[in-house]
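> Please read through the structure below; I'll follow up with questions.
The values are calculated or read from the model by the stated rules, or taken from the named source; none is laboratory data. The structure presented is a predicted model; accordingly, all values stated were derived computationally and were not measured. So basically every Cβ, Gly included, is an ideal-geometry build from the backbone, and we count neighbours across all protein chains shown. Protein only, heavy atoms only, side chains kept; ligands, DNA and RNA dropped before computing areas. Shrake-Rupley method; radii C 1.70, N 1.55, O 1.52, S 1.80 Å.
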Amino acid sequence: MTKRAEAVARTRRRIVDATRELHSEQGIAATSWDDIAARAGVGVGSVYRHFPTLDELIPACGEITMQVIALPDPATVAALFSHATEPAERIERLVGEAFAIYERGAPELRAIRREADAHPRVAQDRDQLDASLSALTDTALGPLNATQQDRAVARALIDLNTWEALRDQGLEPAESVAAISDMLAMRLTARQG
């Protein structure tokens, strides 16, 4: 790569990183081109040269965000549970996987959920998150004879808002996983017993 191409790539990445930060902090719709330029340390003209429209900038941000969040592909989720034979182990893996997603990208996920209608790419990312969480839930609970209500409760317990509430109360990641896993296991065991 030539020095010019490297400089262009670095500037584009600064713009994308600045945009992602601002979207997480103040929201997608509230972020202006001037805000992006100031945060990236470039002129507004540079932002427009690299990303003339939101239809170019938002997908570039979404691509990086989804790489960072690293959602499990719904088609390969079964492999995550292939060696988890005990109900408690399956439940703990479910909660651990979901909460790990939030550890990697809670600020971005908040923006995606809050403003999915801001751009089709944002809605696509929200749908991808929902598909991954549903695949995790269905795969983990499938062999446990979980009802549709059990699955709904599990989805609520592994939700971003639940994770945030636990973190706000000072629970460490492992403590959060254990607390939610225990609650969900008690529900499923009580119903089966």
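> Is there a residue being within 17 Å of Ser132 (Cβ to Cβ), within 24 Å of the chain's Cα centre (by Cα) and assigned to a loop (DSSP other than H, G, I, E, B) anywhere in segment 52-70? Explain how you work it out, then say what you get.
Going through segment 52-70, the residues within 17 Å of Ser132 (Cβ to Cβ) turn out to be 62-63, 65-70.
Imposing the further condition that a residue be within 24 Å of the chain's Cα centre (by Cα) reduces the set to 62-63, 65-70.
Those still in the list that are assigned to a loop (DSSP other than H, G, I, E, B) too: 70.
Looking for residues that are within 17 Å of Ser132 (Cβ to Cβ), within 24 Å of the chain's Cα centre (by Cα) and assigned to a loop (DSSP other than H, G, I, E, B), one finds at least one in segment 52-70, hence yes.
> Looking only at segment 105-149, count how many residues are open to solvent by less than 40 Å² (accessible area, probe 1.4 Å), among the charged types (D, E, K, R) and in contact with a Ser or Thr (Cβ under 9 Å, 6 or more places away or on another chain).
Total meeting the criteria: 2.
> Inside segment 39-51, can you point out the residues that are touching a Leu at 6+ places or on another chain (Cβ under 9 Å) and either among the aromatic types (Phe, Trp, Tyr) or not in a helix (DSSP H, G or I) (or both)? I'd like the intermediate steps shown before the answer.
As a first pass, look at segment 39-51 and keep what is touching a Leu at 6+ places or on another chain (Cβ under 9 Å): 39, 47, 50-51.
Listed by number, the list holds a single entry, Phe51.
> Only one residue in Ile28, Ile36, Ile15 is in contact with a helix residue (DSSP H, G or I) (Cβ under 6 Å, 6 or more places away or on another chain), aliphatic (A, V, I, L, M), assigned to a loop (DSSP other than H, G, I, E, B) and open to solvent by less than 90 Å² (accessible area, probe 1.4 Å), so which one is that?
Among Ile28, Ile36, Ile15, only Ile28 is in contact with a helix residue (DSSP H, G or I) (Cβ under 6 Å, 6 or more places away or on another chain), aliphatic (A, V, I, L, M), assigned to a loop (DSSP other than H, G, I, E, B) and open to solvent by less than 90 Å² (accessible area, probe 1.4 Å).
> Using the structure shown, decide if Ala178 is under 18 Å from the mean Cα position of the chain (by Cα), at pLDDT 95 or above and not acidic (Asp, Glu).
On the way: under 18 Å from the mean Cα position of the chain (by Cα): no; at pLDDT 95 or above: yes; not acidic (Asp, Glu): yes.
Answer is no for this residue.
> Shifting gears a bit: Cβ-Cβ distance below 9 Å, separation of 6 or more or different chains: which pairs start in segment 40-54 with a residue that is within 14 Å of Arg20 (Cβ to Cβ) and end on one that is surrounded by fewer than 12 Cβ atoms within 10 Å (Cβ to Cβ) and among the hydroxyl-bearing types (Ser, Thr, Tyr)?
Qualifying pairs under 9 Å: none.
This table checks each residue for (1) modelled with pLDDT of 95 or more; (2) part of a helix (DSSP H, G or I); (3) over 12 Å from Leu184 (Cβ atoms); (4) small (Gly, Ala, Ser).
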| residue | (1), (2), (3), (4) |
| --- | --- |
| Gln124 | yes, yes, yes, no |
| Asp127 | yes, yes, yes, no |
| Leu133 | yes, yes, yes, no |
| Ala146 | no, no, no, yes |
| Arg155 | yes, yes, no, no |
| Thr162 | yes, yes, no, no |
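> Tell me whether segment 73-82 contains one or more residues that are exposed (fewer than 15 other Cβ atoms within 10 Å of the Cβ) and either at pLDDT 95 or above or not in a helix (DSSP H, G or I) (or both). Can you show your working first?
Step one: of segment 73-82, the residues exposed (fewer than 15 other Cβ atoms within 10 Å of the Cβ) are 73, 75-76, 78-79, 82.
Checking the rest, the ones that are also either at pLDDT 95 or above or not in a helix (DSSP H, G or I) (or both) come to 73, 82.
There is at least one residue in segment 73-82 that is exposed (fewer than 15 other Cβ atoms within 10 Å of the Cβ) and either at pLDDT 95 or above or not in a helix (DSSP H, G or I) (or both).
> Can you tell me which residue is least open to solvent (accessible area, probe 1.4 Å) among those in segment 1-12 that are of a type outside the set (A, V, I, L, M, F, W, C) and part of a helix (DSSP H, G or I)?
Here is the first cut: in segment 1-12, the residues of a type outside the set (A, V, I, L, M, F, W, C) are 2-4, 6, 10-12.
Next cut, part of a helix (DSSP H, G or I) only: 3-4, 6, 10-12.
Details: Lys3: 170, Arg4: 176, Glu6: 73, Arg10: 139, Thr11: 29, Arg12: 90 Å².
Only one residue fits best here, namely Thr11.
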